[in-house]
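Colleague: Attaching a single structure in structure tokens format; questions to follow.
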Amino acid sequence: MPRAFFVVMDSVGIGGAPDADRFFNGTRPDTGANTLAHIAQACAAGRADTGRSGPLRLPNLDALGLGAAVSLASGDDAPGLGAPPGGLWGAATEVSPGKDTPSGHWELAGLPVPWDWHYFPDTQPAFPDHVARAAARAAGTEGILGNCHASGTEIIARLGAEHLKTGWPICYTSADSVFQIAAHEDHFGLDRLLQTCADLAPQLHAMKVGRVIARPFVGDAETGFTRTTNRKDYAITPPEPVLTNWVQNAGRRVHAVGKIGDIFSMQGIDTVAKGTDAELMGHLSDLVDDAEDGSLTFANFVEFDSLYGHRRNVAGYARALEWFDAAIGPLIARLRDGDVMLLTADHGNDPSWTGTDHTRERVPVLAAGLGPRAVGQVGFADVAASLAEHLGVPSRGPGKSFL
């Protein structure tokens, strides 16, 4: 039986979302944002030479059709990406009313978000009193720190010392539908942080806040504070079956690599592997070699987004893309006859753009194992329908297969 490897390059958008004018970074609409094209243009102009140099080099992804997908999605030029497409290629457009991780992943898995998410205002305080009290109660403290929109790295640098002194958790949000709690792994305790988030999550999920996220960190005021890899997302459970359920219900195995298990609340998932992106690439490599016939491997590589997109680091994002391309090439070469590896993204996060937030963009759809094939403009949900068809399992939802 054929296998499927579904790889999300978190935030690697390619511009052109038709409703970008409805989404904002501050007061600026996302119209014209293009994560990949703007990185490629900066590289070609010599503006992204920190730790690398020259035009953006992504030979493996471009050989599948990445450059052609950028042009299809937005009409923008991506210097260095112009190879004739040798794989399946196209561009996907989202319909869910969000530019966040759950919205993108749920729809890619066949379920457009059926409601409007709750977002906290960019005010200080950001949280209503009853939410702040509930967070303190869950943590067993008299209050919380933060209570604002913030960058995760910035807020622990600013409030880490006060957190160590008071023991109060650092609570913050962003333009996404999230409530994030940062606490010191040793002084506050990792288990206590995870339990705090688990206890608070049902109340926030009832408000349609998409995720409560535990953000553990270590360090001190003298040496600095650093987030660890023990992040955990407590996400709303999808209200209907998605691709992972379809595959598991057909008696097949589903392997999650990265934060996929958290995003889908472990629905339809048999195994989970976490770690840094480098460690995740090792897990994905092992599954290319060892995953069962008929299985689905669903992977997310988040560091494009978390380390470089939100921090508006163009050179860092370019380095991450080039590392990913070099690492994924050997895995594509080891696919078995009948396997498909489909690569896409969940939203954009243009590191050249205003602000620190995601950007509303179309995403590439690239696949190895199906030969050269142009699929044109498709929907996010069409990705799930196509993978289901490839695996020979029944699909549900609005998606139509492009295979």
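Colleague: Find the residue count for segment 88-120, including only residues that are in contact with a Phe, Trp or Tyr (Cβ under 9 Å, 6 or more places away or on another chain), surrounded by fewer than 18 Cβ atoms within 10 Å (Cβ to Cβ) and modelled with pLDDT under 95.
Modeller: Count: 1.
Colleague: What's the number of the condition Leu296 fails, among (1) more than 30 Å from Gln41 (Cβ to Cβ); (2) out of contact with any helix residue (DSSP H, G or I) (no Cβ under 6 Å at 6 or more places or on another chain)?
Modeller: Leu296 satisfies all of (1) more than 30 Å from Gln41 (Cβ to Cβ); (2) out of contact with any helix residue (DSSP H, G or I) (no Cβ under 6 Å at 6 or more places or on another chain) except (2).
Colleague: On the basis of being of a type in the set (A, V, I, L, M, F, W, C), out of contact with any Cys (no Cβ under 7 Å at 6 or more places or on another chain) and at pLDDT 95 or above, does Phe6 make the cut? Spell out the reasoning first.
Modeller: On the way: of a type in the set (A, V, I, L, M, F, W, C): yes; out of contact with any Cys (no Cβ under 7 Å at 6 or more places or on another chain): yes; at pLDDT 95 or above: yes.
So Phe6 fits the description; yes.
Colleague: Ok, one more. Looking at Leu287, Leu366, which one is farther than 13 Å from Ser11 by Cα and surrounded by 24 or more Cβ atoms within 10 Å (Cβ to Cβ)?
Modeller: Details: Leu287 fails: surrounded by 24 or more Cβ atoms within 10 Å (Cβ to Cβ).
Being farther than 13 Å from Ser11 by Cα and surrounded by 24 or more Cβ atoms within 10 Å (Cβ to Cβ) holds for just one of Leu287, Leu366, which is Leu366.
For every residue, the table says whether it meets (1) over 30 Å from Val363 (Cβ atoms); (2) in contact with a strand residue (DSSP E or B) (Cβ under 9 Å, 6 or more places away or on another chain); (3) among the charged types (D, E, K, R).
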residue: Pro102; (1), (2), (3): no, yes, no
residue: His105; (1), (2), (3): no, yes, no
residue: Pro114; (1), (2), (3): no, no, no
residue: Ile156; (1), (2), (3): yes, yes, no
residue: Pro169; (1), (2), (3): yes, yes, no
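Colleague: Here's something else I'd like to know. Going through segment 360-403 one residue at a time, which ones are out of contact with any strand residue (DSSP E or B) (no Cβ under 8 Å at 6 or more places or on another chain), in a loop (DSSP other than H, G, I, E, B) and small (Gly, Ala, Ser)?
Modeller: Once the filter is applied, which keeps residues that are out of contact with any strand residue (DSSP E or B) (no Cβ under 8 Å at 6 or more places or on another chain), in a loop (DSSP other than H, G, I, E, B) and small (Gly, Ala, Ser), segment 360-403 yields Gly392, Ser395, Gly397, Ser401.
Colleague: If you don't mind, another one. Restricting attention to segment 365-403, which residues are among the charged types (D, E, K, R), under 19 Å from Val247 (Cα atoms) and out of contact with any helix residue (DSSP H, G or I) (no Cβ under 9 Å at 6 or more places or on another chain)? Show your work before the answer.
Modeller: Going residue by residue through segment 365-403, those that are among the charged types (D, E, K, R) are 373, 382, 389, 396, 400.
Subset that is under 19 Å from Val247 (Cα atoms): 382, 389, 396, 400.
Across segment 365-403, the qualifying residues are Asp382, Glu389.
Colleague: Restricting the search to segment 226-238, which residues are in contact with a strand residue (DSSP E or B) (Cβ under 7 Å, 6 or more places away or on another chain) and either within 22 Å of Ala138 (Cβ to Cβ) or loosely packed, with under 12 Cβ neighbours inside 10 Å (or both)?
Modeller: At the first step, the residues of segment 226-238 found to be in contact with a strand residue (DSSP E or B) (Cβ under 7 Å, 6 or more places away or on another chain) are 226-228, 230-235.
Once the filter is applied, which keeps residues that are in contact with a strand residue (DSSP E or B) (Cβ under 7 Å, 6 or more places away or on another chain) and either within 22 Å of Ala138 (Cβ to Cβ) or loosely packed, with under 12 Cβ neighbours inside 10 Å (or both), segment 226-238 yields Arg227, Thr228, Asn230, Arg231, Lys232, Asp233, Tyr234, Ala235.
Colleague: Looking only at residues in segment 320-351 that are of a type in the set (Gly, Ala, Ser) and surrounded by fewer than 19 Cβ atoms within 10 Å (Cβ to Cβ), which one is farthest from Thr153 (Cα to Cα)? Even if it seems obvious, please write down each step before you answer.
Modeller: Narrowing segment 320-351 to residues of a type in the set (Gly, Ala, Ser): 320, 326-327, 329, 333, 338, 345, 348.
Still in the running and surrounded by fewer than 19 Cβ atoms within 10 Å (Cβ to Cβ): 326-327, 329, 333, 338.
Numbers: Ala326: 28, Ala327: 27, Gly329: 32, Ala333: 37, Gly338: 43 Å.
Per the stated criteria, the residue is Gly338.
Colleague: Restricting attention to segment 338-352, which residues are in a loop (DSSP other than H, G, I, E, B) and more than 18 Å from the chain's Cα centre (by Cα)?
Modeller: Across segment 338-352, the qualifying residues are Gly338, Asp339, Ser352.
Colleague: Which residues, counting only those in segment 151-176, are in a loop (DSSP other than H, G, I, E, B), within 21 Å of Ser103 (Cα to Cα) and either modelled with pLDDT of 95 or more or of a type outside the set (Ser, Thr, Tyr) (or both)? Steps first, answer last, please.
Modeller: Start the filter on segment 151-176 by keeping residues that are in a loop (DSSP other than H, G, I, E, B), which leaves 151, 167-169, 174-176.
Now drop any that are not within 21 Å of Ser103 (Cα to Cα), which leaves 151, 174-176.
The answer is Ala175, Asp176.
Colleague: To continue, here is another question. Got a sec? Which of Leu321, Leu335 is more than 15 Å from Gly90 (Cα to Cα), in contact with a helix residue (DSSP H, G or I) (Cβ under 8 Å, 6 or more places away or on another chain) and part of a loop (DSSP other than H, G, I, E, B)?
Modeller: Numbers: Leu321 fails: part of a loop (DSSP other than H, G, I, E, B).
Only one candidate passes the filter, namely Leu335.
Colleague: Would you please name the residue that is nearest to Ala109 (Cα to Cα), looking only at residues in segment 220-238 that are within 20 Å of the chain's Cα centre (by Cα) and in a loop (DSSP other than H, G, I, E, B)? Please lay out each step first, then the result.
Modeller: Taking segment 220-238 as the starting set, the residues that turn out to be within 20 Å of the chain's Cα centre (by Cα) are 227-238.
Okay, now just the ones that are also in a loop (DSSP other than H, G, I, E, B), so 228-231, 236-238.
Working: Thr228: 28, Thr229: 25, Asn230: 25, Arg231: 23, Ile236: 15, Thr237: 13, Pro238: 10 Å.
If we take residues in segment 220-238 being within 20 Å of the chain's Cα centre (by Cα) and in a loop (DSSP other than H, G, I, E, B), then Pro238 is nearest to Ala109 (Cα to Cα).
Colleague: Run Asp176 past the list (1) within 20 Å of Lys232 (Cα to Cα); (2) free of Cβ contacts under 8 Å to residues at least 60 places away in the same chain; (3) not hydroxyl-bearing (Ser, Thr, Tyr) and report the number of the one that doesn't hold.
Modeller: (2)
Colleague: Thr356 passes all but one of (1) closer than 22 Å to Trp89 by Cα; (2) surrounded by fewer than 23 Cβ atoms within 10 Å (Cβ to Cβ); (3) of a type in the set (Val, Ile, Thr); which number fails?
Modeller: Thr356 satisfies all of (1) closer than 22 Å to Trp89 by Cα; (2) surrounded by fewer than 23 Cβ atoms within 10 Å (Cβ to Cβ); (3) of a type in the set (Val, Ile, Thr) except (1).
Colleague: Failed condition for Thr226, given (1) among the hydroxyl-bearing types (Ser, Thr, Tyr); (2) without any contact (Cβ under 8 Å) to a residue 12 or more places away in the chain; (3) under 19 Å from Thr101 (Cα atoms), with all others met?
Modeller: (3)
Colleague: Just to be sure before I move on: is Ala138 under 19 Å from the mean Cα position of the chain (by Cα), of a type in the set (A, V, I, L, M), modelled with pLDDT of 95 or more and farther than 23 Å from Glu107 by Cβ in the structure I sent? If you could, list the steps in order and put the result at the bottom.
Modeller: On the way: under 19 Å from the mean Cα position of the chain (by Cα): no; of a type in the set (A, V, I, L, M): yes; modelled with pLDDT of 95 or more: yes; farther than 23 Å from Glu107 by Cβ: yes.
It is false that Ala138 is under 19 Å from the mean Cα position of the chain (by Cα), of a type in the set (A, V, I, L, M), modelled with pLDDT of 95 or more and farther than 23 Å from Glu107 by Cβ.
Colleague: Might you let me know whether segment 353-362 holds any residue that is within 25 Å of Asp289 (Cα to Cα), in contact with a His (Cβ under 7 Å, 6 or more places away or on another chain) and either of a type outside the set (Ser, Thr, Tyr) or without any contact (Cβ under 8 Å) to a residue 60 or more places away in the chain (or both)? Don't jump to the end; show me each part of the working.
Modeller: Initially, segment 353-362 is screened for residues within 25 Å of Asp289 (Cα to Cα), giving none.
No - not one qualifying residue is present in segment 353-362.
The values are calculated or read from the model by the stated rules, or taken from the named source; none is laboratory data. Please read these numbers as outputs of a predicted model, since none were measured by experiment. Glycine gets a Cβ as well: all are built from the backbone with ideal geometry, and neighbour counts include every protein chain shown.
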